[in-house]
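S.K.: Okay, here's the structure, questions in a sec.
The values are calculated or read from the model by the stated rules, or taken from the named source; none is laboratory data. On a predicted model such as this, the values are computed, not experimentally measured, just so you know. In this analysis, Cβ positions are derived from the backbone assuming ideal geometry, glycine residues included, and neighbour counts consider all displayed protein chains. Accessible surface is based on the protein model in full, side chains and every heavy atom, while ligands, DNA and RNA are left aside. Shrake-Rupley method; radii C 1.70, N 1.55, O 1.52, S 1.80 Å.
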Amino acid sequence: MSGETTVPTPAGGARPEAAAGTGSADPRPVLEAVHVTKHFPVRGGLPRRGTPRRVVHAVEDVTLSLYAGRITALVGESGSGKSTLARLLAQLYPLTGGEVRLHGQSVHALRGRAFREHVRKVQLILQDPFASFNPVATIAGTLNRAVALHHPGSRGKDRDAVIDDLLTQINLVPPRQFTAKYPHELSGGQLQRLSIARALAADPDVFLADEPVSSLDVSIRLGVLNLLRRLTEERNAAMLYVTHDIASARYFATDTAVMYAGQLVESGPSEAVTQQAAHPYTQLLISSAPDPARTAERVRDIGQPPSLIDPPSGCRFHPRCPYAMARCAEQAPEPFEISPGHTARCWLYAQDAASPGAAPGTTAPGTTASDAPAPGAS
Amino acid sequence: MALQAAALAEADAPAESSAGPARLWLRLLRSPLTLSGVIIVLIFVVLAIIAPWISPYDPSAVSDTTLAGPSAAHWLGTTQNGQDVLSQMLYGARASMFVGIGAAVLTTVLSVVVGVTAGYVGGIGDEVLSLLANVFLVLPSLPLTIILAAYLPHSGSLGIILVITVTGWAWGARVLRAQTLSLRKRDFVEAARATGEPTWRIIVKDILPNQVAVIAASFLGTVTAAILTQASLAFLGLADVTQWSWGTILYWAQTGSALLTGAWWWFVPAGLAIAVLGTALSLVNFGIDEFINPRLRQAGIGTKKAQRGQVRAGRPRGRRHRTAPVPRPAPAPFTQDSTDVVLQVRDLRVEYVSEGGRTRAVSDVSFALRRGEVLGIAGESGSGKSTLAYAITRLHKPPAEIARGEIRYTAPDGRGVDVLAMDEAELREFRWEELSIVFQSAMHALNPVLRIGAQIEDVIVAHRPRMAAPERAARVLELLDIVGIPADRASSYPHELSGGMRQRAMIAIGLALDPEIIVMDEPTTALDVVIQRQIIEKIMELKDRLGFSVVFITHDLSLLIELSDTIAVMYGGKVVEMAPAEDFYRHPQHPYSQGLLGSFPTLGGPKRELTGIVGSPPDLRRLPSGCAFRTRCPHAFDACATKVPELLQVGEPGARGTLAACLLHSVPETTTNELATGETR
C-alpha cells in the first residue's frame, strides 16, 4: 500500500503481437484486445487519505488478436490473468483501460441489447463442465434457453430440431438419449461437449474456451480438443484456447501467447514459442511441465508468482529471473521481435547498447540454465 | 456413504435413465414420514374448505345441552353455551389455515423479492435492502406483534396476516440473499450470462430453482409459525374473538374455566389440531429437500473425502505406543532387484454395497511395494485408484467393504503385520506412524481456523503424548524446514499460504511421525506446473534423504513416469499393466497404456500423432463382459468378450519385467504381429 502502486505502463505503443498472419486467408483479426488493462478493486481495509485505492492488477496492457479459422492459445499459471482476459473479451467485465475490437469496431457492450449482440458473436466455454450446468434443469431445458435466445421466434418442434442438430454436431448421438437427463447423470466429457453445443447455438464468430479440457480425463481430452479444432476450421471461426498446459498449446494452437502476472510476456507461432522459447518465464514453464521425453536438465526455480496488488516494478518476472539485470527492475520491457511474428517482452532481446552481451539469441538462456542437477529427473 | 457417492460419481455414465417428474413424485411418496405429513396436511386443508357444508351445527348457535361430553349428537361435546365443539373446530380450521397460508405466501414473496434482488443486484441496492432487512430483524417481534394486533383488533384474519408478515419476512430475506450471493458466482450462472441471457431470466431459471428447497422450507415454517401466532393472539384475546379459530376456542375455553370444570373436550381438540398440523408440516419440510434436488445424494462429496483424513489424524490415541519406534536403517537407493517388501497387497477386492447389489470398485488387485520404492498408480475417473488408496489405509467407510484379500505390512525390524486384522486402536497407531496420507485438496484437508504449526503439532500430540512441549515445537520447526516452509510461517493460517505452501504443509503433516509409507492421492493436481515441479522435487529429495516408500496416485501419466520406479495402470477396477517406469514408457504392453501414452501432447522432440482412445471410461456398475477395455480397444477380438484376461508376465519367462492383463499377450502366435501394429511410436 505504498504510493508507487501506479501502473508501470510502458511508454510507447506495443506492436500488435500476433500481427503476422502466416497461412491465414484473411489477415484482419476477428477479435482484438488492444492495450487492455483490468484492475479489480481490493475489498476491505480502510481507505486512507492520500494513497491510491488498492487494486489487483489482473491484466496489464495486453494486446492480442484472434483470426478466423485459427486457434490462439493463451498459456499461463493460475492468477496470471488469462481467464480474466477471456472474460474481458466476452465483455463480462468493464475494462479499466484499452479497448476490445470486434471486426475492427470498438465494443462497449456491457448490458442490454448491445451485450447480447456481442455475445451472439463471441461465446465463452467454461472450464468445469459439472459446474456450468444448472443442476436442477435438464439438458434440454438448458439448451432450449440458449436456442430460444439466439433463434427468436422458433417454437417447440423447430427448437427440438435445432437441439438435435447441435448434439449431432458435437457427436452426441442419438440426441434424445441425452436431452432428457440432468447434468449429474452425464460424464464430464459429455457435459463439456454439451457446453460447446450451448455455445454453438449462437453460431458465433469467436469461441473463448477457458481451460475446456483441464477437468476431463486424459483419454477423452483429445476428442474434445479435436472437436473444438474441427468446429473452428469448419465454421472459419476464431478460437482463444486458454490453458495452463503448454504442451497442448503446441499441438492444438496455431499461435501461442504466454501470460505472466497479468502481462503478455511472449507470443508467436506455437512451434516457435514451445521449441525456441525466448522469455525466461516461458523457459521455466516448459522445463517444469512433466515430459518423460525430455533429456536436458531442468531450470531450477524456487520462486512464487508475485502479488498483483503490488506487482514488482519493471519486468514483473525479474525477482525470479536468473538473468535479471539492473534495468529489468527499473523499466518494463516492450515486446522485442525474435523472428517474424515471434516476440518476447524481455530486455535480453533489446537491440541496443544497454543490454550486455548484445542479444544472446533465442537459445542462449536455455543452455546456461542448468546450474544444478534436478533430482526429479529420473 | 460419502465415499460411495464419490466412487459412483466418478463412475458417472449415461446409462442411468432420467427420472421424470412423475417418478419424482413417486420418490417423495415412497418416504413414509413425508407421505404421512402430506396426507395429514391435505386432510386439514380439505376439512377447512368444506367446513360450511359438513358442519353439523352453526358454530355460534347456542343450545340447551351445555358442557356435555362427546356424544352421538355432539361428537366433540358442547361448550358452556351449548355450542357444538366439532363445528367450531371445523370453522376454526378455516380461519387458522387461512392465516397460516396467507401469512406464509405474503412473507415468502416479500423475502424472495427482497433477498434475491439484493443478492443478485449487489452494490447500493443490496446495501439499502440489507439495511432494511436488518432493521426489521432487530425489531422485537413479540411485543410488536402484540401492539400491532391490539391496534388492529377488528380487522379479522387479514390484520393478523399483516402483523405476521411485517415481523417475519426479514429473516428469510437474509438467508435468500446469502444464497443468491453464492449462486451468483457459480459457473452455470456465468455461463448463462455469457450466452447473453437477460437478468430476469437468469434469476427465474437459474437462481430461484436452486433455492426452492430453502424457499419451501421457509414457507412451511412460516405456515406453522403463523398458525401458532394466530392461536396465541386469539388465546390472549388480542384477535377478534367472535370469529371462530382454534385460538378463539381456546380463549373461550379459558374464560369458561374448562380446565377447572374438567371439560377436556372443549380445549383438547384445538390444542391437538395445532400440534398435529405443526408436526405434519415439519415432516413435509424434512422430505422436501430430497424431492426437489435431483442430485442430493451426491452433494458435498469432495470435501468430506478430504476432511476424513484430517479427522483421523487428529483423533487422540486411546493408549500408549507399545514399542519405541525402531530407527529406520539408512536409506539405500531403490533398485528394481530389491526384494525388501514393505507393503504386500494380495487379491484385494473392494465392493460398494447398495440396494441394487454389489459394485466391485477394486477387483483382485495385487502388488508389492518395496522399501524406498515409488509406486505410481495411474488411472482415470472410476478406475478404482482412489478406492484402492483408501482401502490400503483402511480409511474406506461403509458401504465400501473389503470383500477379500490380504494387506501385509512389514516393519523395519522385520515384524509382519496383517493390516486387515487390526482393531481400531491398532489402526490408529498404524496410520501416521507407519503409513500416512497426503490428500489432493490441501485447502480442504487443513483446518481453516488453526495455524499451520498447531496442525502439525496436533498430529504429534495425538501420537506422542509423552513428548515435551519444547521438543514438540522443535520438531514442528524441523518439519517445516524439511518441506521448505520458512519458520515464521508456522503461525500462518491456511488461507494465508499459497497453494504450493499448503501442499507442503500437508506433506509436513504426513511426515510428522516419520512413516515408512506415504500414500499421495493426486497431491499436485490442483497446482500449477511450476509449483508442481517444486513439490515433486521436494518429495523426491525427502524420499532419498529419509528413505520412505511412496504410493503416488494420479491421472497424469507423464508426471508418473518421471517420478515413479514402478507404474501400475488401473482400468475398471483392475490393474491392467504393471512395469518398471522406464520399460513402461518405452514399451507399453497393454492397448490401454498405449492409448494413454498416445494421448499426451509432448513438448520435446518432434510432434507426433496423438492417437487418443475412443469412448469414455466405463461405469463400474456396468462393466463390459470379459476384458473391460474391449469396447474401446483397437485390437479387440472375439475372445476378449468372453475371457477375462489375467495379469501375466510379458516377454521371456523368468525375467523381471512387465505384467499385462491382455489376451494379446497370452496367445503367443498373435502377440508379435498384433502388437507391432499397436505400437504408437
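S.K.: Once both axes come from the Cα atoms, what is the angle between helix B:156-184 and the longest principal axis of chain B, in degrees from 0 to 90, rounded to 10?
M.R.: It works out to around 10 degrees.
S.K.: Run the quick spin-label model on A:Arg53 and B:Thr261: label points 7 Å from Cα toward the beta carbon, then report their separation in nm to one decimal.
M.R.: 7.4 nm
S.K.: Translational diffusion coefficient of the range B:131-233 at 25 °C, 0.890 mPa s, Stokes-Einstein with Kirkwood Rh over Cα pairs, in µm²/s as a whole number.
M.R.: Numbers: Rh = 15.7 Å.
D, rounded to a whole number, is 156 µm²/s.
S.K.: Could I ask something else about it? In whole percent, how big is the carbon plus sulfur part of the accessible area of the range B:168-225, probe 1.4 Å, protein atoms only? Working shown, then result.
M.R.: Details: 1450 of 2330 Å².
Percent of accessible area from carbon and sulfur atoms in the range B:168-225: 62.
S.K.: Shifting gears a bit: Am I reading the A/B interface right? What is its buried accessible area, both sides, 1.4 Å probe, to the nearest 100 Å²? Each step should come with its number before you reach the end.
M.R.: Details: alone 17990 and 32860 Å², together 44620 Å².
Summed over both sides, the interface buries about 6200 Å².
S.K.: Hey, which of these cross-link pairs are over 21 Å Cα-Cα: A:Lys157/A:Lys181; B:Lys385/B:Lys643; A:Lys82/A:Lys181; B:Lys543/B:Lys574; B:Lys185/B:Lys385; A:Lys121/A:Lys181?
M.R.: Working: A:Lys157/A:Lys181 19 Å; B:Lys385/B:Lys643 23 Å; A:Lys82/A:Lys181 33 Å; B:Lys543/B:Lys574 28 Å; B:Lys185/B:Lys385 32 Å; A:Lys121/A:Lys181 28 Å.
With Cα atoms farther than 21 Å apart: B:Lys385/B:Lys643; A:Lys82/A:Lys181; B:Lys543/B:Lys574; B:Lys185/B:Lys385; A:Lys121/A:Lys181.
S.K.: Rounded to the nearest 10 Å², what accessible area does B:His444 have for a 1.4 Å probe in the complete protein model?
M.R.: 90 Å²
S.K.: Evaluate the range B:44-199: find the radius of gyration of its Cα atoms, find its Kirkwood radius, and give the ratio Rg to Rh.
M.R.: Values: Rg = 23.1 Å, Rh = 19.1 Å.
Rounded to two decimals, Rg/Rh equals 1.21.
S.K.: Same structure again: On average, how much accessible surface per residue is there in the range B:113-249, in Å², for a 1.4 Å probe, leaving out ligands, DNA and RNA? Please report the intermediate quantities before stating the final value.
M.R.: Values: 6150 Å² over 137 residues.
Using a 1.4 Å probe on heavy atoms only, each residue of the range B:113-249 averages 45 Å².
S.K.: Using only Cα atoms, tell me the angle between helix B:469-482 and the longest principal axis of chain B; keep it within 0 to 90° and round to the nearest 10.
M.R.: 60 degrees
S.K.: Which of rounded, prolate, oblate describes the range A:145-212, given a ≥ b ≥ c as roots of the alpha-carbon gyration tensor eigenvalues and a/c under 1.5 marking rounded, otherwise prolate only if a/b is larger than b/c?
M.R.: Working: a/c = 1.91, a/b = 1.12, b/c = 1.70.
Since a/c reaches 1.5 but b/c is at least a/b, the shape of the range A:145-212 is classed as oblate.
S.K.: Take every DSSP beta bridge with both residues inside the range A:205-322 and express the antiparallel ones as a percent of the total, to the nearest 5.
M.R.: Details: 6 of 11 bridges.
Close to 55 percent.
S.K.: Something else: Give the calculated FRET efficiency between B:Leu137 and B:Leu181 to the nearest 0.05, with a Förster radius of 25 Å applied to their Cβ-Cβ distance.
M.R.: Once rounded, the FRET efficiency stands at 0.90.
S.K.: I would also like to ask the following. Antiparallel as a % of all DSSP beta bridges within chain B, to the nearest 5?
M.R.: 65 percent
S.K.: Now, a different point. Given R₀ = 35 Å, FRET efficiency for B:Arg466-B:Asp337 by Cβ-Cβ distance, to 0.05?
M.R.: The pair B:Arg466/B:Asp337 has a calculated efficiency of 0.30.
S.K.: Further question: Quantify how much of the Cα-Cα distance distribution of the range A:214-303 extends past 16 Å, in percent.
M.R.: Details: 2384 of 4005 pairs.
So the portion of pairs separated by more than 16 Å is 60 percent.
S.K.: Using only Cα atoms, tell me the angle between helix B:452-463 and the longest principal axis of chain B; keep it within 0 to 90° and round to the nearest 10.
M.R.: That helix lies at roughly 80 degrees to the long axis.
S.K.: Do any trypsin sites (Lys or Arg not before Pro) in the range B:464-571 lie in a DSSP loop with no more than 10 other beta carbon atoms within 10 Å, and if so, which?
M.R.: Answer in residue order: B:Arg466.
S.K.: Now for a separate question. Across 10 Å bins from 0, what is the distribution of all Cα-Cα pair distances for chain B, in whole percents?
M.R.: 3, 12, 17, 17, 15, 13, 10, 7, 4, 1, 0
S.K.: So, taking all protein chains as they sit and a 1.4 Å probe, how much accessible area belongs to B:Phe136, in Å² rounded to tens?
M.R.: 60 Å²
S.K.: Which distance in nm do the two modelled labels at B:Arg545 and B:Arg404 give, with both placed 7 Å along the Cα-to-Cβ direction?
M.R.: Reported label-point gap for B:Arg545 and B:Arg404 is 4.5 nm.
S.K.: List, by residue number, every residue in the range B:550-565 with a reduction of 30 Å² or greater in accessible area between the chain on its own and the complete protein assembly, 1.4 Å probe.
M.R.: Flagged in the range B:550-565: B:His555, B:Ser558, B:Glu562.
S.K.: In the range A:69-113, what residues drop by 50 Å² or more of accessible area when the other protein chains are put back, versus the chain on its own? Use 1.4 Å, and skip ligands and nucleic acids.
M.R.: So the qualifying set is A:Glu77, A:Leu92.
S.K.: What nm value, rounded to one decimal, do you get for the distance between A:Arg176 and B:Asn81 when each label is placed 7 Å out toward the C-beta?
M.R.: It is 6.7 nm.
S.K.: Still on this model: P(r) of the range B:526-641 in 5 Å steps, Cα pairs, percent per bin?
M.R.: 2, 10, 17, 20, 18, 15, 9, 6, 3, 1, 0
S.K.: May I pose another question? Calculate the translational D of the range A:48-175 in whole µm² s⁻¹ from Stokes-Einstein, where the hydrodynamic radius comes from the Kirkwood formula applied to all Cα pairs, the temperature is 25 °C and the viscosity 0.890 mPa s. Could you put the intermediate results ahead of the total?
M.R.: Working: Rh = 17.8 Å.
It comes out at roughly 138 µm²/s.
S.K.: Can I ask one more? Hey, if we sort B:Ser666, B:Ser599 by accessible area with the 1.4 Å probe, largest down, what's the order? Don't skip to the end; give the middle numbers.
M.R.: Values: B:Ser666 55, B:Ser599 10 Å².
Accessible-area ranking of B:Ser666, B:Ser599, largest first: B:Ser666, B:Ser599.
S.K.: If I take every Cα pair under 8 Å that is 6 or more residues apart in chain B, average their sequence separation and divide by the length, what percent do I get for the relative contact order? Before the final figure, lay out the partial values.
M.R.: Values: 1106 pairs, mean separation 85.7, N = 681.
The normalised contact order for chain B reaches 13 percent.
S.K.: If we sort B:196-203, A:57-64, B:612-619, A:109-116 on the protection proxy, mean other Cβ atoms within 10 Å, highest first, what's the order? Provide the component values of the computation, followed by the final result.
M.R.: Details: B:196-203: 17.2, A:57-64: 24.5, B:612-619: 20.2, A:109-116: 13.6.
Ranked by mean Cβ neighbours within 10 Å, highest first: A:57-64, B:612-619, B:196-203, A:109-116.
S.K.: Please give the FRET efficiency for A:Glu271 paired with A:Glu233, using the beta carbon to beta carbon distance and R0 = 22 Å, rounded to the nearest 0.05.
M.R.: On the way: r = 18 Å, r/R0 = 0.83.
With R0 = 22 Å, the Cβ-Cβ based efficiency is 0.75.
S.K.: Between the range B:395-452 and the range A:223-297, how many Å separate their Cα centres?
M.R.: Distance between centres, Cα-based: 41 Å.
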